[in-house]
């Protein structure tokens, strides 16, 4: 495990915890084991290779084998992304038995019975511009599809390849068009009110969507988004999905189901960085720069996502069984990553704050509050240190070690 926010050298070499000296080595040992990972001492394996997010997608209303869709997203992501085979607004977003895709959408759906919200989608196409979601749907084969938690790729039967590599609040997309026909990209505003703007000079599209489910203030709900392209627009315009009317050269519009379209050179390989925010359009731009600004290409985003997922999955090591059963196990872990991700950072942050107190004057009330928090923290830390003194985790079996560490984790609450 790597503690990446603070260097151990920023902390004192010894900490006085309720009259008990805990060395820095002891503290690091404590923090690491607070993650209760039985895989810390094992060599890091590539577990992402076993995850197939198509698992559980052979679903339909009458008889379901999973009720899932092949979402690609980071652990605990605010937004995820998915291929879309179903109609806008339908809960069955992606069904394995359906052989055509009508879009690649931002998603937050937890169940087909709940449907989705804050959705907008991209659909690449070649030849003639078609905006209608039924008519633009394009056939594909699962033989040409790859679905991983950090990366999705599919080649449609018309020769277009779409790739997606997500971040916590955004996505890096790439559309590779064949050189034989005109290349278009349609942005769909989904089922409710939306606003969209095109800035050809900056190669940007921005706006917001309002589609939602069970939102307290539905009229004011907004998911703001911005998309930055790396290729110039040869043509562009607006459209709306209620009557599928197209407005060439129009740069902005607002209404139910408003969207946009852009045209690229034949044979283009177009990269698009997209990010969203529930706060404001300005925050969407900040998020785009923070999460994708340094990524020169999709591979950079993909590699980082693979690393994040692999570190998460490696927290639990499983031995035995067939490759198939092992893959099912790892895929389940990826689908429900129920692990502690913040506690060590909280401990280090608290220690850093404590070390800063000695050199600064604090107001009396603030100091009392802070010292009270540290007293409670120190008490818990001493308790945990005492527990670790009584055991030798290296001599335990994986099952016993997991049970022991889970008990220690409870003491950290």
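Mean sequence separation of contacting Cα pairs (under 8 Å, at least six apart), scaled by the length of region 100-242, corresponds to a relative contact order of 21 percent. Of the peptides 99-111, 187-199, the order by per-residue mean of other Cβ atoms within 10 Å, starting with the highest, comes out as 187-199, 99-111. The stretch between residue 157 and residue 311 holds 51.9 nm of extra length on full extension. This uses 0.36 nm per residue minus the Cα-Cα distance.
Here, each number is a calculation from the coordinates, and none is a lab measurement. Note that this is a predicted model, so its numbers are computed, not measured. FYI the Cβ positions are ideal-geometry reconstructions off the backbone, even for glycines, and counts take in every protein chain you see.
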